[in-house]
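Participant: One structure coming up, written as structure tokens, with questions to follow.
The values are calculated or read from the model by the stated rules, or taken from the named source; none is laboratory data. Keep in mind it's a predicted model, so treat the numbers as computed, not measured. Neighbour counts run over all protein chains shown; Cβ positions are idealised from the backbone, glycine included. Just so you know, the surface numbers come from the protein's heavy atoms only, side chains and all, with ligands and any DNA or RNA stripped out. Shrake-Rupley method; radii C 1.70, N 1.55, O 1.52, S 1.80 Å.
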Amino acid sequence: MSSLTILLHPSPFLFTNPSNSKTTIFTLHNRPRILIPQASFSTSPNSPLWTISEIVKAVNGRIIRWGPPGTICTDTRTLEPGQWFLPLVGQNFDAHNFITPELATKGCVGVIGNWVCEDWNNGFVKVEDDTVSSLKSLGFYARNRFTGCLIGLTGSVGKTTTKTMIALALKSVGNVYYSPGNWNNEIGVALSLIGMPRDVGFGVLEMGMSKKGEILELSRMCRPNVRVILNVSAAHLENFANLEEVSMAKGEILREAMPGDVCVLNGDDPLVMSLPVSAGVKKVVFGRKLGCDVRLVSSEIKHGGRSIQVVLEAFNEMVKFVISCPGLHLAINACAAAAVATALGVPLALAGKSLSRFTPVHRRSELEVAENGITIINDVYNASPASTQAAIDLLRNMDCKGKRVAILGDMLELGPMEINFHELMLQSCCDAHFDVIALVGTRFIRAAESIDCAREIKVVCTTDARQMAPKIINFLNSGDVILVKGSCHIGMEVIVDALKSIHFGVPRGPAEDAFFSLVL
């Protein structure tokens with residue numbers, strides 16, 4: 001192996017980080033159009049300006065009233081002065097109803113819509129198609145004018161974390177933008193493209209799917225220069241007969257790759273490696289196996305489970321670094337990010353140095369120590385069997401002065417085998433000999449009827465997340481380490497909030513009583 005010399009220079013480039021966006025993007029199934037209940041869509045604060053001429057050209061519309069250049073927003077609640085408003089329309093929602101004079105007082109300079117109220121006097125572009133299609137047209141237009149390198153990634157688990165790591169690894173060599181949160185469906189990807197600054201060297205977008213054809217559509221909108229498939233595992237099985245069908249749907253990202261593009265594939269996943277790659281496309285393989293272009297040589301738990309040491313090898317170089325976050329699963333994500341970075345010319349040593357600065361994405365294996373002494377593993381954003389098993393392993397490997405407690409919410413969209421998957425996760429918790437296992441949802445409750453945990457393990461069940469906090473509080477104490485994990489629609493975040501509000505040994509005051517009366 002060659003010796004390593006790492007030369008670091010201050011980067012002159014802007015590194016945008018919109019990952020703290022409070023917007024939520026839903027992917028809903030079996031609908032002719034996007035259903036948008038209680039959803040908030042917005043662009044990033046660094047979005048580029050759009051002229052009215054560009055808007056008209058992108059959506060094939062016509063100008064009703066002229067307006068000044070501005071950024072594009074799809075949520076009146078987050079609209080800022082100088083923005084154009086594009087009202088999305090779904091089955092049960094029509095944001096045209098928010099086009100009122102009050103919107104103008106918030107600084108809205110124009111509207112891109114199908115109809116407008118009589119009192120609207122600012123800029124207006126009339127579109128003939130539905131506004132969701134217009135949003136996607138704006139996304140296509142934004143991609144056409146982007147001259148940098150676009151990285152698109154998909155996979156059953158780890159997309160958002162790996163996307164963030166890729167952006168971090170590329171930061172040292174260029175100006176990077178990556179999509180906020182998990183903006184990975186047709187609306188989120190379009191908004192990500194619309195909001196991507198024109199002068200960035202790299203754009204990193206994730207692509208999700210729940211059925212066949214969705215990844216292909218997103219790929220056609222993004223046209224990635226680098227296409228990444230992280231893994232194929234049990235997720236969204238409601239719409240697929242087996243994992244082979246899932247892999248084929250994920251493989252749509254590769255279908256229209258052009259000569260000169262790069263495909264980055266997980267060499268440890270046979271389903272990923274079975275996918276065809278077009279002639280002239282460079283293939284880069286990452287994983288633990290010998291022969292991978294970027295190989296995960298080892299991953300080791302450090303600091304009582306609160307960080308991991310990663311050793312990577314590529315191009316006759318080896319780099320060792322520590323990520324100050326819990327979870328061995330982060331090592332393979334870091335390997336994937338290093339594969340993308342090195343394929344784009346970043347030295348492995350520099351990529352490792354950058355990845356050592358990774359911090360958890362909000363609500364994904366996020367470690368929080370509450371004032372009451374409880375350590376919370378906040379992993380409530382979403383759940384699948386693979387990600388839940390990784391979280392269980394994380395809890396099992398973490399040093400703990402008190403009890404280890406797993407609070408798990410139902411995993412959704414798993415199809416006919418859903419109860420079997422819940423049984424496997426519950427059995428894994430029992431095998432780990434956690435002190436308390438708390439289960440939220442009808443699927444886990446059904447699974448508990450078939451699994452006999454050891455007598456010393458306390459099992460608590462509720463059908464609703466809001467019922468769990470007051471039910472489990474008497475089993476907890478300062479020094480406990482508590483995992484909270486579940487699919488996003490189960491609403492496990494209320495349990496995290498409740499855990500933080502506990503005051504051990506102190507009678508609850510009016511504020512605490514009011515809080516727990518809300519969650520009951």
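Participant: Check off (1) at pLDDT 95 or above; (2) crowded, with 21+ Cβ neighbours inside 10 Å; (3) under 23 Å from the mean Cα position of the chain (by Cα) for Ile374 and give me the number that stays unchecked.
Facilitator: Status for Ile374: all satisfied but (3).
Participant: Identify all residues within the stretch 392-429 that are open to solvent by 10 Å² or more (accessible area, probe 1.4 Å), under 23 Å from Thr463 (Cα atoms) and over 24 Å from the mean Cα position of the chain (by Cα); write none if there are none.
Facilitator: Listed by number, the residues that qualify are Arg404, Pro416, Met417, Ile419, Asn420, Glu423, Leu424, Gln427, Ser428.
Participant: Enumerate the strands (runs of 3 or more DSSP E) found wholly within the stretch 104-198, keeping only those where 1 or more residues are among the basic types (Lys, Arg) and closer than 21 Å to Thr71 by Cβ.
Facilitator: It comes to 123-126.
Participant: Another question, if that's okay. For residues that are open to solvent by 30 Å² or more (accessible area, probe 1.4 Å) and of a type outside the set (S, T, N, Q), tally how many sit in the stretch 263-314.
Facilitator: The number of residues fulfilling the criteria is 23.
Participant: May I pose another question? Please verify whether the stretch 168-183 includes one or more residues that are of a type in the set (A, V, I, L, M), open to solvent by 10 Å² or more (accessible area, probe 1.4 Å) and more than 25 Å from Val310 (Cβ to Cβ).
Facilitator: The answer is no; no qualifying residue exists.
Participant: Which residues, counting only those in the stretch 469-502, are β-branched (Val, Ile, Thr) and not in a loop (DSSP other than H, G, I, E, B)?
Facilitator: Of everything in the stretch 469-502, those that are β-branched (Val, Ile, Thr) and not in a loop (DSSP other than H, G, I, E, B) turn out to be Ile472, Ile473, Val481, Ile482, Val484, Ile490, Val494, Ile495, Val496.
Participant: Tell me which residues, restricted to the stretch 103-132, are open to solvent by less than 30 Å² (accessible area, probe 1.4 Å) and of a type in the set (Gly, Ala, Ser).
Facilitator: Matches in the stretch 103-132: Gly107, Gly110, Gly113, Gly123.
Participant: If you check Thr162 against the conditions, is it within 20 Å of Gly327 (Cα to Cα), outside the structural domain of His96 (by the TED database) and in contact (Cβ under 8 Å) with a residue 24 or more places away in the chain?
Facilitator: Values: within 20 Å of Gly327 (Cα to Cα): yes; outside the structural domain of His96 (by the TED database): yes; in contact (Cβ under 8 Å) with a residue 24 or more places away in the chain: yes.
The answer is yes for Thr162.
Participant: For the subset of the stretch 141-158 comprising residues that are open to solvent by 20 Å² or more (accessible area, probe 1.4 Å) and of a type in the set (A, V, I, L, M, F, W, C), which member is farthest from Met207 (Cα to Cα)?
Facilitator: The selected residue is Cys149.
Participant: Next question. How about the stretch 84-95: which of its residues are more than 26 Å from the chain's Cα centre (by Cα) and touching a residue at least 24 places away in the same chain (Cβ under 8 Å)? Reasoning before the result, please.
Facilitator: Just the residues of the stretch 84-95 that are more than 26 Å from the chain's Cα centre (by Cα), to begin with: 84, 94.
Trp84 - this is the single residue of the stretch 84-95 that is more than 26 Å from the chain's Cα centre (by Cα) and touching a residue at least 24 places away in the same chain (Cβ under 8 Å).
Participant: Further question: Would a scan of the stretch 93-102 turn up a residue that is buried (at least 18 other Cβ atoms within 10 Å of the Cβ), over 30 Å from Pro360 (Cβ atoms) and at pLDDT below 95?
Facilitator: yes
Participant: Taking the stretch 318-327, which residues are open to solvent by 50 Å² or more (accessible area, probe 1.4 Å) and within 16 Å of Phe286 (Cβ to Cβ)?
Facilitator: Across the stretch 318-327, the qualifying residue is only Met318.
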